[in-house]
Each structure stands twice: as structure tokens, then as C-alpha cells.
Amino acid sequence: MSTASEHDKNVLKTVLKISGLMFSYATTGNDVNSWALHDLSLTVTEGEIVCILGASGCGKSTLLNVIAGLLPPGAGTIEFSNQSDAAGRIGYIFQNDALFPWRTVGENLLLASEITRTIPKADAGEKIKQHLQTFHLQEKVLRQYPSQLSGGMRQRVSIVQALMFNPELFLLDEPFSALDFYTKLKLEGEFVALVKEQRKAAVLVTHDIEEAVAMADRVLIMSKDGALIAEFQIQPEEGARSPDAARGTAKFAQYYQSIWAELKMVIGQ
């Protein structure tokens with residue numbers, strides 16, 4: 001018989017809950033064809049990575065911007081860990097990093113302590129060192145400028161920068177698409193390990209089916225009118241939990257084919 005404390009450990013906290021979300025770029029009118037997001041509902045729990053696939057222009061990036069509070073929803077609700085405020089709970093990582101080119105890496109990473117004023121610089125320095133180790137970055141990188149770093153290193157720094165705000169939820173908009181394949185695999189693995197070990201949550205937008213199957217716990221398909229129309233629960237083979245190990249397995253190929261078949265129907269609509 002399990003105890004109450006054991007039961008609590010097995011209950012996953014809901015980090016993000018979206019209900020009936022609607023959004024339109026149109027300033028007037030209620031034409032259904034004007035909605036970029038249509039009656040969209042989504043729940044993401046701690047330790048979970050949800051990936052969204054769909055045709056270009058279907059509203060994937062718009063969804064991330066609405067979740068982040070950069071765009072106001074037209075209807076529906078967005079809740080974060082039973083709170084209504086997104087501030088301080090989200091780390092947004094883009095395809096191109098948002099590092100300030102005139103600041104060193106170290107200065108970029110100290111932005112969190114400057115903006116929030118809740119993290120003493122001494123504590124921030126210790127957190128930076130811990131995060132650098134997680135993403136296999138040497139401390140000498142702190143003295144360099146973003147322009148002196150490779151694409152993979154810049155994205156690692158971008159993730160560390162987001163981590164400095166201690167987010168519960170990561171939003172990722174094709175963050176690995178510009179990287180070479182080897183760097184992409186390494187960074188995918190490091191990010192998945194981070195989410196699982198620190199019980200974060202993530203919503204990842206990508207056009208890469210392989211990336212989606214390798215990284216996600218769930219893969220969702222978005223239609224051209226901004227609705228979520230299909231869901232695939234991803235359960236990798238035993239011993240193939242990392243994105244690198246998952247590739248090449250029989251299950252990986254099966255998921256790829258099923259998702260591609262669904263996506264082809266959506267793109268062809």
C-alpha cells in the first residue's frame with residue numbers, strides 16, 4: 001500500500017493549462033476565417049515536453065507568443081501553475097538567440113539579477129557555474145562576446161540565460177534548426193535531460209518530425225486554421241530515452257511514419 005507522501009510524489013503538477021483559446025490578427029469582425037488560433041485547449045505537466053507540428057503559417061509561433069503574453073488572446077483562458085500571471089514562469093528560446101552583442105556572455109547571464117533584483121550577484125554567479133556545467137560550457141566563455149561563439153554555444157548560452165530566471169515552462173520556437181546535425185543531437189539531449197531532472201515543462205515548435213519524435217512525450221498536429229487536431233503519445237523503446245538513442249529504433253520509425261501520414265493530410269488541405 002502506498003503512503004500519502006508517495007502518492008503526492010507521483011502526482012504531476014500542471015504547469016500550463018489552456019482552454020478554448022482563440023486569437024485573431026484582425027482588429028474587427030468575428031469571421032471564423034480570421035482566427036489564427038481556433039478553440040485550442042492544451043495541458044502541460046511538469047517534466048513533460050510537448051511538440052507542435054503543422055504547416056507553415058498555421059499558428060504555431062503565434063500560440064507561443066500568446067502563451068508568453070506577447071499577444072493578447074481573443075477568447076479563452078491561459079493558466080500557469082494555478083496562477084493567471086505568466087511573469088517569471090516562462091523561458092522563451094528562439095531560433096536566433098536574444099543575446100545582447102555588446103555584452104559579454106557573463107554580462108548577458110547576469111541580466112536576470114539586474115532585471116528581477118531578487119537574485120544577489122554572488123548567488124547568480126554560483127547558479128551560472130552550475131548551469132554552464134549542465135550544458136558543457138567552460139567558464140572562460142563568460143569573458144567572450146556572443147559573436148565569438150559557435151551557433152551551438154550561443155544556443156546553450158540562450159538556454160542558460162532563460163534558466164537564470166528559474167522558469168517553470170520553456171517555450172521553444174525551432175531553437176535547433178540552424179545547427180549542424182551533431183550539435184543539434186547534443187543540445188537536444190542536454191535539454192531533454194534538463195527538463196526531466198529539474199521537472200520543468202516545455203512546448204516545442206518545430207518542422208522537424210525526427211526532432212519531435214526524439215524529444216517529445218507528446219506530439220500534437222495543428223491544422224491550417226490553428227486548431228489542434230491530432231495527438232501522438234511517444235513511448236520510446238526501453239534503453240532509448242535520449243534523443244540520440246531513440247533515433248534508429250523500430251518504434252521511432254513507426255511514430256515517424258504515423259505522424260508524417262497525418263501531417264501530409266494537414267499540409268494538403
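Readers should treat all values here as calculations from the given coordinates under stated rules, not as data from a laboratory. Given the structure is predicted, the values throughout are model-derived calculations rather than measurements. Neighbour counts are summed over all protein chains in view; Cβ atoms, including those assigned to glycine, are modelled from backbone coordinates with ideal geometry.
Quick rundown of the values:
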{"item": "Antiparallel DSSP beta bridges within the chain, percent to nearest 5", "result": "50"}
{"item": "Residues with amide H under 5 Å from that of PHE170, placed H, sequence gap 5 or more", "result": "GLY91, ALA201, ALA202, VAL203"}
{"item": "Karplus-derived 3J(HN,Hα), 6.51/-1.76/1.60, for each residue of region 17-25, Hz, glycine and proline x", "result": "9, 10, 10, x, 6, 10, 8, 9, 7"}
{"item": "Extension reserve of the LYS129-GLU107 stretch, reckoned as 0.36 nm per residue once the Cα distance is removed", "result": "6.6 nm"}
{"item": "Extension gain from GLN233 to ASP208, taking 0.36 nm per residue of separation minus the Cα-Cα distance", "result": "7.3 nm"}
{"item": "Tensor-based shape of region 74-206 (alpha-carbon gyration tensor, a/c under 1.5 rounded, otherwise prolate or oblate)", "result": "oblate"}
{"item": "Prolate/oblate/rounded call for region 170-257, Cα gyration tensor, a/c under 1.5 rounded", "result": "rounded"}
{"item": "Ordering of 104-110, 169-175 by burial proxy (mean other Cβ atoms within 10 Å per residue, highest first)", "result": "169-175, 104-110"}
{"item": "The chain - Kirkwood radius from inverse mean 1/r over Cα pairs (Å)", "result": "19.7"}
{"item": "Which listed pairs, of LYS17/LYS121; LYS127/LYS184; LYS60/LYS129; LYS127/LYS186, have C-alpha distances above 26 Å, in listed order", "result": "LYS17/LYS121; LYS60/LYS129"}
{"item": "Aspartates and glutamates whose Cα lies under 13 Å from that of LYS13, excluding same-chain neighbours fewer than 8 positions away", "result": "GLU46, GLU48, GLU79, GLU168"}
{"item": "Gain in span if fully extended, ASP39 to ALA261, counting 0.36 nm per residue against the direct Cα distance", "result": "77.5 nm"}
